[in-house]
1. Only residues in the stretch B:34-53 that are under 14 Å from B:Q113 (Cα atoms) count as the first member; pair them with residues that are among the hydroxyl-bearing types (S, T, Y) and at pLDDT 95 or above, Cβ under 6 angstrom, at least 6 apart or cross-chain, and list the lot.
2. Go through the stretch A:96-126 and count every residue that is closer than 28 Å to A:T354 by Cα and out of contact with any Gly (no Cβ under 7 Å at 6 or more places or on another chain).
3. For the subset of the stretch B:34-57 comprising residues that are aliphatic (A, V, I, L, M) and in a strand (DSSP E or B), which member is surrounded by the fewest Cβ atoms within 10 Å (Cβ to Cβ)?
4. Would the stretch B:160-177 turn up any residue that is β-branched (V, I, T), surrounded by 23 or more Cβ atoms within 10 Å (Cβ to Cβ), farther than 27 Å from A:N263 by Cα and modelled with pLDDT of 95 or more?
5. Enumerate the strands (runs of 3 or more DSSP E) found wholly within the stretch A:201-308, keeping only those where 2 or more residues are crowded, with 22+ Cβ neighbours inside 10 Å and not polar (S, T, N, Q).
6. Kindly provide the set of residues from the stretch A:120-134 that are buried (at least 19 other Cβ atoms within 10 Å of the Cβ) and more than 14 Å from chain B (Cβ to nearest Cβ), ordered by number.
7. For the stretch B:309-349, name all the residues that are part of a loop (DSSP other than H, G, I, E, B) and crowded, with 16+ Cβ neighbours inside 10 Å.
8. Filter the stretch B:169-194 down to the residues that are at the interface with chain A (Cβ under 8 Å from one of its Cβ atoms) and outside any loop (DSSP other than H, G, I, E, B), then identify the one that is nearest to B:H142 (Cα to Cα).
Protein chains: 2
Amino acid sequence: MTTWVPDVSPESPFSLANIPFGIITTEHDSAPRAAVAIGSHVVDLKALSGSKEFAEAATTIPGLGDVFSQPTLNAFAALGRPVHQQLRALLQDILSSDTKHPAVLRDNAELRQRALVPQAKVKMHLPMDIRDYTDFYAGYHHAYNVGVLFRGPANALQPNYTHLPVGYHGRASSIVVSGTPIRRPWGQILLDPAAEPKQPTTAPCRRLDIELELGCFIAKPNALGEPVKVEKAEEFIFGYVLLNDWSARDIQAWEYVPLGPFNGKNFGSTVSPWVVLADALEPFRTKGFENKTQLQDYLRETKEETALDIELQIDLTTVEGDTTTIGVTSAKHLMWSFPQMIAHHTLGGCPLNTGDMLGSGTISGTKPSERGSLLEMSEGGKKDINLAGMHVRRFLKDGDTITLRGVCGKEGARVGFGDCTGTIFPAIQR
Amino acid sequence: MTTWVPDVSPESPFSLANIPFGIITTEHDSAPRAAVAIGSHVVDLKALSGSKEFAEAATTIPGLGDVFSQPTLNAFAALGRPVHQQLRALLQDILSSDTKHPAVLRDNAELRQRALVPQAKVKMHLPMDIRDYTDFYAGYHHAYNVGVLFRGPANALQPNYTHLPVGYHGRASSIVVSGTPIRRPWGQILLDPAAEPKQPTTAPCRRLDIELELGCFIAKPNALGEPVKVEKAEEFIFGYVLLNDWSARDIQAWEYVPLGPFNGKNFGSTVSPWVVLADALEPFRTKGFENKTQLQDYLRETKEETALDIELQIDLTTVEGDTTTIGVTSAKHLMWSFPQMIAHHTLGGCPLNTGDMLGSGTISGTKPSERGSLLEMSEGGKKDINLAGMHVRRFLKDGDTITLRGVCGKEGARVGFGDCTGTIFPAIQR
């Protein structure tokens, strides 16, 4: 399968095998609207879907209406998996060299001129209207590594950890799209955690960290009081993004007992702008980290390959411009699958809505080079992380830029997310 | 100040001193729209504001536009405190016996016929579009009582408790309006919490509880990265409701370490339908529970009277129809004020949006008769709570109805919330 679209590098995460969806604006049209990425271009779906030729090619796809003129992908997501599948297949055809519908775009110079836009000329926006955000803790090695730091190896994992996907309600309002600056937060911190009585100070965060996660968007809602069965949960998934759940470790450490993380986690969470459809990731299913615990029925899956083999990478770029890859791992290290998270989340009847986001929790592998947070890399802030250009870090400095990348598949047929990036801005003056 | 509106009992929580806002539908008009309550009637604000006479009386109030035709109060809330004040004052005048604007409603039979509707003929809806919900833990006596049950009196409160308003991100999607049935949730529970290794079971909740709280709605947003100062925080408050944050104690106990409550709290949270404006509660300011800790600057208030003296009551009605008042307390037992909660919530830059809800945390007084949860009343589920009709409870049974009430002020000038009620429906069959 090759595309007629020019300048599609074999290394592009946006091959014909992908077709991820996002929300764009351009200089010529400041109204946010839907697009798909292909190589170094995007296809403006509002422009495309307004054409007679596309309408004819898409007659069998129900409900499209004006979903691509909306400022978020929610209306499209709500149409459900079968529609996402059909539309993705049609777009793959329209963009193929041997398309069955050459008149739609390949041979339609006027529409190509309007609808095929270089990525450099579009501004990306938050793809979904996210009402509720839940962050899970499904990365086994991360949970274990952090548990060892706080409680030692014997008690690293809480007794519930292998019985249920531990998660907590996150803050939806502070989710931002890749490229949005992240302001170093002020907070209450203990300068001397060992001193008694404990005396907090109000100061800018000194232990500013990242968390490498996958974000999963919900396609369709369940009603209040109606659980989603694990074997039906795939139908509720729209697609995935990379998620950097920025964390203020010193703020979190003082505030989080007994009700969980709060201000340590609500000053910014960055998502990559392109939503990779669940269907595009189907070929990259693999076994997840094996959970040897006898699971409760509602969490038991019949499929064996419930994890996604997405290669993940974390780059840190200093203000001087030196870039170091500080971690490389895979999403296959998650112990709980997203269907299990959905089944657990709704077990008591909690309603999920279109556009809700589930975070996977930080993803780390088994090796030191595979860690998804600076807290782990610096062994609790005790060890320098060596960077290119003779720099060292334990936590983030002002001016540091973090870029997450994620990709599956072979050269020429890559399925990836594009960059999830954020730069640390200094704390405000008070 | 008396009203010309008929049938306003001196005991009504909806006196002329109140003027709370809600969202109604009626048999004749199924479009949700804004109304205010007065005695046993409501004034349909869509009908009222569509009249020439009202428009003339309201010319000095900016921005009203079509805010009362919206299905939530968010657009009205976003107009800000000065507009809420002006509109409430105008409505108080329009509804007064000696109104300066008799032609608007008092002497306008045609409009009265359309706009003044008996409460029995309206259906109430969730008043706000709630995007993010944060639940605090500001009820000192509740935090202490529960701490004693779990950790003994020496360690009842965590060291952070008096330094910052502890809170966590709640679940917005499961907030429902008074009257919505609450389905007993299934969840993972430990039948024998002492047994090792710990072995959970999936079962309907056996320790279903209530939490008596105040809910506070946010009027206007702060930007990401921009904290709200405590002395400015009142400007961000739209109004208050009663909140029953239903809790599954057995589910919560097993799941909540280390990231906080999750499924134990996301199967339903009930709010009373009428939003009492912050301005209506101004006369009932009082000193809150004294916090002797030296506070961080950003939490220090210049006002002394930062709590609200709202009399709160919990009634339990069994399926047989026997009603017992199981708790009577006051909102003055909160140790943290809502402005302090807002200042803390935004300290690191977290954005609040119009319609966000802050829960106070469970409110209990010092006496055994003043407890805001069954967990406290039954001393951790160990002691029967005696009810009328020879019934006993430790936690809720199917068919039980809980009604929260809250009121301030004297006979004839009461400012109250109306009922916040919910009935427990049996767990679904699996």
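1. Pairs found: B:K46/B:S69.
2. Here is the first cut: in the stretch A:96-126, the ones closer than 28 Å to A:T354 by Cα are A:115, A:119, A:122-126.
Those left that are additionally out of contact with any Gly (no Cβ under 7 Å at 6 or more places or on another chain): A:115, A:119, A:122-123, A:125-126.
Within the stretch A:96-126, residues that are closer than 28 Å to A:T354 by Cα and out of contact with any Gly (no Cβ under 7 Å at 6 or more places or on another chain) number 6.
3. So in the stretch B:34-57, the residues aliphatic (A, V, I, L, M) come out as B:34-38, B:42-43, B:45, B:47-48, B:55, B:57.
Then keep just the ones that are in a strand (DSSP E or B); that gives B:34-38, B:42-43.
Working: B:A34: 25, B:A35: 29, B:V36: 26, B:A37: 27, B:I38: 25, B:V42: 25, B:V43: 23.
For the stretch B:34-57, the residue satisfying everything is B:V43.
4. no
5. Details: elements: A:212-218, A:237-244, A:269-271.
Because the criterion is at least 2 residues that are crowded, with 22+ Cβ neighbours inside 10 Å and not polar (S, T, N, Q), the strands (runs of 3 or more DSSP E) in the stretch A:201-308 that meet it are A:212-218, A:237-244.
6. Within the stretch A:120-134, A:V122, A:M124, A:P127 meet the criteria.
7. Residues of the stretch B:309-349 that are part of a loop (DSSP other than H, G, I, E, B), as a first pass: B:309-310, B:318-322, B:335-337, B:346-349.
B:D309, B:I310, B:T318, B:M335, B:W336, B:S337, B:T346, B:L347, B:G348, B:G349 - these are the residues of the stretch B:309-349 that are part of a loop (DSSP other than H, G, I, E, B) and crowded, with 16+ Cβ neighbours inside 10 Å.
8. The residue in question is B:H169.
The values are calculated or read from the model by the stated rules, or taken from the named source; none is laboratory data. What you see is a predicted model; the values in this text were computed from it and never measured. Cβ sites come from the backbone with ideal geometry, for glycine too, and all protein chains shown count toward neighbours.
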